[in-house]
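Every number in this text was worked out from the coordinates using simple rules, so none of it is lab data. Because the structure is predicted, anything quoted here is derived from the model rather than measured. Methodologically, a virtual Cβ is constructed for each residue, glycine included, from the backbone with ideal geometry; neighbour enumeration extends over all protein chains shown.
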Amino acid sequence: MKKLLAASLVGAMALAGCSGGQDAAEDNTFTVGMECGYQPFNWQTADAETDSAVEISGGGGYCDGYDVMMSQAIADELGQELEVKKISWDGLQPALESGEIDAIIAGMTASEEREEGIDFTSPYYESEGMVMIVRADSEMAGYTDIQQFSGHNVIGQKNTNYDTVIDQIEGVNHQTPLATYPELVAALQNGVADGITAEMPVAEGVVAANPGLAIVKFDEGHGFEVDTTVSIGLAEGSRDTDFFNAVQEALDSIDQDTRNEYMATAVENAPTEE
């Protein structure tokens with residue numbers, strides 16, 4: 001991949017240090033936080049099963065997926081070593097604020113609320129839209145309108161768009177959100193929920209791993225109204241810094257074909273067994 005950052009910029013960053021968790025006392029590392037449990041964006045494995053897998057900082061195996069590939073490409077452009085930290089969804093912003101990590105690359109959508117504490121880059125991925133995952137043998141598998149889920153038990157992930165969009169369904173039984181996506185899948189399989197919300201690449205990975213589940217796509221104009229872009233989160237107040245600009249330039253250097261290739265590879269490599 002062609003280097004677009006000038007060597008002088010990288011050198012200046014190394015000498016002067018950067019905001020967002022980096023300083024001159026630390027080694028030349030780009031530290032990224034993600035859940036390592038949200039395939040195909042990121043997932044955890046015991047061994048390095050693909051060339052894109054990166055060892056999780058502090059132990060616990062390896063993290064792999066689309067976010068890891070994007071993180072590695074950006075670290076390479078910055079001339080830094082990639083470090084991946086496994087952090088719960090609710091712990092990502094505090095980790096960024098404390099300087100434990102330099103960036104959140106975890107399938108996070110920029111929102112007005114999040115932008116009060118995080119500076120976001122431009123989006124690095126946009127999915128086809130929000131869908132629903134249901135049990136394949138249910139009548140819901142044939143639904144084409146979100147309003148058909150009125151009266152059904154629908155659940156999403158806590159503190160994400162997956163949860164907030166549910167209220168667009170009139171009369172829905174909006175269940176208490178869960179912390180992780182594997183918990184949502186278990187709730188659906190156990191009959192606690194009738195449907196769980198998902199972006200298309202996530203849904204494809206879940207259904208590939210669980211043949212008893214199916215994806216519900218909605219007709220145009222009858223689906224959820226939601227932003228499905230995801231962006232890199234950097235420390236609040238860093239937008240005008242060399243570090244923010246360097247990360248944005250590194251992201252901009254990854255063309256759309258490469259991003260699509262990364263996602264196709266992530267979907268193909270995602271674990272197919274729970």
message: For the chain, what does the helix formula give at 222 nm: sum of -39500 (n - 2.57) over DSSP H segments with n ≥ 4, over the residue count, nearest 500 deg cm²/dmol?
response: -8500 deg cm²/dmol
statement: Charge dipole of the stretch 148-274 built from unit charges on the beta carbon (Lys, Arg +1; Asp, Glu -1), centred at mean Cα; most positive-end Cα among Asn161, Ile254, Leu213 is Leu213
query: In nm, to one decimal, how far is the modelled label at Asp90 from the one at Glu220, with both set 7 Å along Cα→Cβ?
result: 4.1
- prompt: With point charges of +1 on the Cβ of Lys and Arg and -1 on the Cβ of Asp and Glu, referenced to the Cα centre of the chain, which listed residue (Val131, Val172, Ala46) lies farthest in the positive direction of the dipole?
  reply: Ala46
- line: As a percent rounded to 5, the proportion of antiparallel DSSP bridges among beta bridges in the chain is 60
query: In the stretch 164-267, what GluC sites (Glu not before Pro) fall in a loop by DSSP, with at most 12 other Cβ atoms inside 10 Å?
result: Glu170, Glu220, Glu225
For the stretch 70-77, 3J(HN,Hα) per residue [Karplus equation, 6.51 cos²θ - 1.76 cosθ + 1.60, θ = phi - 60°, Hz, x = Gly/Pro]: 5, 4, 5, 4, 5, 4, 4, 5
- prompt: By DSSP, what percent of the beta bridges with both residues in the stretch 42-178 are antiparallel, rounded to the nearest 5?
  reply: 55
field: Added length on full extension, which subtracts the Cα-Cα distance from 0.36 nm per residue, Glu236 to Thr176
entry: 18.6 nm
- prompt: What is the extension gain from Val192 to Glu116, computed as 0.36 nm multiplied by their sequence separation minus the C-alpha to C-alpha distance, in nm to one decimal?
  reply: 23.9 nm
message: Nothing charged except the Cβ atoms of Lys and Arg (+1) and of Asp and Glu (-1): what's the magnitude of the dipole of the chain about its Cα centre? Round to the nearest 20 debye.
response: 260
- prompt: Residues with amide H under 5 Å of Ile56's amide H, sequence separation 5 or more or different chain, H placed in the peptide plane at 1.01 Å from N; which?
  reply: Gly61, Tyr62, Cys63
